[in-house]
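Below is one structure; the comments refer to it alone.
The values are calculated or read from the model by the stated rules, or taken from the named source; none is laboratory data. In this text the structure is predicted, and so the values were computed from the model without any measurement. When we count neighbours, we look across all protein chains shown, and the Cβ atoms used for this are built from the backbone with ideal geometry, even at glycine.
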Amino acid sequence: MTSENTAGQSKQVALGVTGGIAAYKTVEILRELQKNGCRVRVCMTPRACEFIQPLTFRAISGEHVVVDDYSPDNPDPIAHITFSQTVDLLIVAPATANTIAKFASGIADDFLTSTYLASTAPVVVAPAMNTTMWLHPATARNLKRLRDDGVTIIEPEEGIMACGTTGPGRLADPQLIVRAALEILENGKQTRPSDLFGERVLITAGATREEIDPVRFLSNRSSGRMGFALAEAAQSRGAEVTLVAGATTAEVPANVRVLRATTAEEMRARVLEEISNSTIFIGAAAVADYRPITRLAEKIKKSDGHFTLTLEPTPDILAEVSRTRHEGLLVIGFAAETIDVVRHAREKLKRKNLDCVVANDVTSDGAGFDVETNIITIIKPDDAAPVTLPVMSKLDAAHRILNEIKDLRATRDGALKEGQSIARA
Ligand code: CTP
């Protein structure tokens, strides 16, 4: 396959290398791009040169490698402008937390960051860093900003890190980075389409609190992040979104209508008020399954011996929405599990008659409550193979869930039209 631009010339790719141990893997990216007919020019941050010599890239690319555009050996006096404006794609691999932070805030204090600012070409960023740096809220915030600015992020892999620890942060497989790059070169940057325009999405999020007495309650560790990410993602794709949120610690997405509910009963009431005006319901809340039979008006006093609290089940909001659904409503549930994830999730899908279940093992690292990332499996009816996704940000996971919901909608609409034409025939 040869990558050519509209003028029939080979695609011009800028490959930015920053100071991480994975810099040696960029050689494979360069070679693969060349094999696919791209002309690749490399630029490096000064720190990247501590890990790999510019000469390596110069020898393989056959091009001058820019590190410092003020350097006297630089053939072009305004290289960051000429370079940035003559490329079809900028790839940064590995991208350190520092470079990501600079991109996010528009700092242009070296050749690579100036190129990023001066270019209108699509950008692919493949982060690689220590797990703690990757999971730091500042990095998550900066990556979110880059995504909002239209940058494609190739999530790092989980595995043994150079520092001996295990976790997410390893540079994604170079082949995967090249595949993503070639796809963008072939089809152009996929900006998020307004493919959910016309849908009205009702989402529950966060934890419910079931009161025991005026100062105590039963609850769980849900932060609301997954539901909020779904709301943000659906909103960005043109849907009208309403959130019914219980107790949450995550930041509420902008421009989304939020209704608050404390108990499962209140959440049920809010949902039932809104459901007739919705086309998609997603139950992402961690609703308490039980509540105390009575809420005591006075604070329970400590006494000697055991204390027994009698609980009763709360209403199952998801099951009720599914049971009483109006035509066209898609109903999606979550299944937080600790063992036999897919089997239990399938069982929930059947029992609650859902269109789709998003399952996760809440005990695995990088998944579940109160973390920025998730590892999900999407399960649809009809014994279709489950879609198991690697660890990714909750926002990326949200988009993958919405892609599946969009497919479900297309299948349902297709079946509806087919049914109508059979009825007419
Ligand atoms: N759910 C709900 N109302 C409840 C309990 C759960 O709407 N009272 C929804 C959750 O929002 C989630 C799904 O049901 O979408 C699954 O919740 P989960 O607690 O995992 O399943 P349960 O059906 O409660 O079964 P179990 O706790 O036994 O796994």
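Quick grid of which residues meet (1) farther than 25 Å from T120 by Cβ; (2) surrounded by 13 or more Cβ atoms within 10 Å (Cβ to Cβ); (3) β-branched (V, I, T):
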site	(1), (2), (3)
Q53	yes, yes, no
T56	yes, yes, yes
D73	yes, no, no
A108	no, yes, no
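State yes or no: is I282 farther than 28 Å from L349 by Cα and either in a loop (DSSP other than H, G, I, E, B) or under 20 Å from the mean Cα position of the chain (by Cα) (or both)? Walk me through how you get there before you give the answer.
Details: farther than 28 Å from L349 by Cα: no; either in a loop (DSSP other than H, G, I, E, B) or under 20 Å from the mean Cα position of the chain (by Cα) (or both): yes.
When the stated conditions are applied, I282 does not pass them.
Scanning region 285-299 for residues being more than 6 Å from the ligand (Cβ to nearest atom) and either closer than 28 Å to V201 by Cβ or aliphatic (A, V, I, L, M) (or both) gives a total of 6.
Given the criteria loosely packed, with under 13 Cβ neighbours inside 10 Å, over 26 Å from the mean Cα position of the chain (by Cα) and more than 15 Å from the ligand (Cβ to nearest atom), does E312 qualify?
no
The residues listed here are A126, A121; of these, the one that is in a strand (DSSP E or B) and closer than 21 Å to V65 by Cα is A126.
Could you identify the single residue in A319, A336 that is modelled with pLDDT of 95 or more and of a type outside the set (S, T, Y)? I'd like the intermediate steps shown before the answer.
On the way: A336 fails: modelled with pLDDT of 95 or more.
None of the other options fit; the residue is A319.
Take region 342-352 and flag every residue that is under 28 Å from the mean Cα position of the chain (by Cα) and within 12 Å of the ligand (Cβ to nearest atom). Walk me through it before giving the result.
Initially, region 342-352 is screened for residues under 28 Å from the mean Cα position of the chain (by Cα), giving 342-350, 352.
R343, H344, A345, E347, K348, L349, K350, K352 - these are the residues of region 342-352 that are under 28 Å from the mean Cα position of the chain (by Cα) and within 12 Å of the ligand (Cβ to nearest atom).
If I ask for residues that are farther than 22 Å from A121 by Cβ and not in a loop (DSSP other than H, G, I, E, B), which ones from region 41-51 would you list? Let's see the steps before the verdict.
First pass over region 41-51, keeping only residues farther than 22 Å from A121 by Cβ: 46-47, 49-51.
Listed by number, the residues that qualify are C49, E50, F51.
Put simply, of V321, V241 the only residue that is of a type in the set (V, I, T), within 16 Å of the ligand (Cβ to nearest atom) and either outside any strand (DSSP E or B) or more than 20 Å from V215 (Cβ to Cβ) (or both) is V321. In region 60-95, of all residues being at pLDDT below 90, outside any loop (DSSP other than H, G, I, E, B) and of a type outside the set (A, V, I, L, M), the one that is farthest from the chain's Cα centre (by Cα) corresponds to T82.
With the condition kept exactly as written, say whether any residue in region 185-195 is of a type outside the set (D, E, K, R), within 15 Å of the ligand (Cβ to nearest atom) and assigned to a loop (DSSP other than H, G, I, E, B). Steps first, please.
We begin by selecting, within region 185-195, every residue of a type outside the set (D, E, K, R); these are 185, 187-188, 190-191, 193-194.
Pick out the ones that are also within 15 Å of the ligand (Cβ to nearest atom) and you get none.
No; the residues of region 185-195 include none that is of a type outside the set (D, E, K, R), within 15 Å of the ligand (Cβ to nearest atom) and assigned to a loop (DSSP other than H, G, I, E, B).
Within region 343-357, residues that are in contact (Cβ under 8 Å) with a residue 40 or more places away in the chain sit with their Cβ atoms under 9 Å from residues that are part of a helix (DSSP H, G or I) and polar (S, T, N, Q), at 6+ positions apart or across chains, in these pairs: D355/S322.
When region 324-369 is examined, which residues are found to be in a loop (DSSP other than H, G, I, E, B) and among the β-branched types (V, I, T)? If you could, list the steps in order and put the result at the bottom.
First, pick out the residues of region 324-369 that are in a loop (DSSP other than H, G, I, E, B): 324-329, 338-340, 352-355, 362-369.
Result: T324, T338, I339, V362, T363.
So is R221 in a loop (DSSP other than H, G, I, E, B) and either modelled with pLDDT of 90 or more or charged (D, E, K, R) (or both) or not? Spelling it out, R221 is indeed in a loop (DSSP other than H, G, I, E, B) and either modelled with pLDDT of 90 or more or charged (D, E, K, R) (or both).
Which residue out of I332, I376, I339 is crowded, with 21+ Cβ neighbours inside 10 Å, over 25 Å from R260 (Cα atoms) and within 13 Å of the ligand (Cβ to nearest atom)? Spell out how you get there, then give the answer.
Working: I332 fails: over 25 Å from R260 (Cα atoms); I339 fails: crowded, with 21+ Cβ neighbours inside 10 Å.
Selected residue: I376, the only one of I332, I376, I339 that is crowded, with 21+ Cβ neighbours inside 10 Å, over 25 Å from R260 (Cα atoms) and within 13 Å of the ligand (Cβ to nearest atom).
When A234 is tested against (1) among the hydrophobic types (A, V, I, L, M, F, W, C); (2) more than 17 Å from A254 (Cα to Cα); (3) touching a strand residue (DSSP E or B) at 6+ places or on another chain (Cβ under 7 Å); (4) in a helix (DSSP H, G or I), exactly one condition is not met: (2).
Listed here are the residues, each with its yes/no results for (1) among the acidic types (D, E); (2) in a loop (DSSP other than H, G, I, E, B); (3) modelled with pLDDT under 95.
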residue	(1), (2), (3)
R270	no, no, no
S276	no, no, no
T294	no, yes, yes
K299	no, yes, yes
K302	no, yes, yes
F307	no, yes, yes
E312	yes, no, no
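The single condition among (1) within 19 Å of the chain's Cα centre (by Cα); (2) surrounded by 22 or more Cβ atoms within 10 Å (Cβ to Cβ); (3) closer than 24 Å to A234 by Cβ that P156 does not meet is (3). Of the residues making up region 244-284, those that are buried (at least 20 other Cβ atoms within 10 Å of the Cβ), within 24 Å of L408 (Cβ to Cβ), more than 13 Å from the ligand (Cβ to nearest atom) and not hydrophobic (A, V, I, L, M, F, W, C) are P253, S278. Could you check region 97-127 and list, in sequence order, the residues that are among the hydrophobic types (A, V, I, L, M, F, W, C) and more than 22 Å from L185 (Cβ to Cβ)? Answer for region 97-127, where residues must be among the hydrophobic types (A, V, I, L, M, F, W, C) and more than 22 Å from L185 (Cβ to Cβ): A97, I100, A101, A104, I107, A108, F111. Being farther than 22 Å from E155 by Cβ, within 16 Å of the ligand (Cβ to nearest atom) and not in a loop (DSSP other than H, G, I, E, B) is a condition met by no residue of region 387-403. Exactly one residue out of A97, A118, A126, A79 is surrounded by fewer than 18 Cβ atoms within 10 Å (Cβ to Cβ) and touching a residue at least 24 places away in the same chain (Cβ under 8 Å): that is A118.
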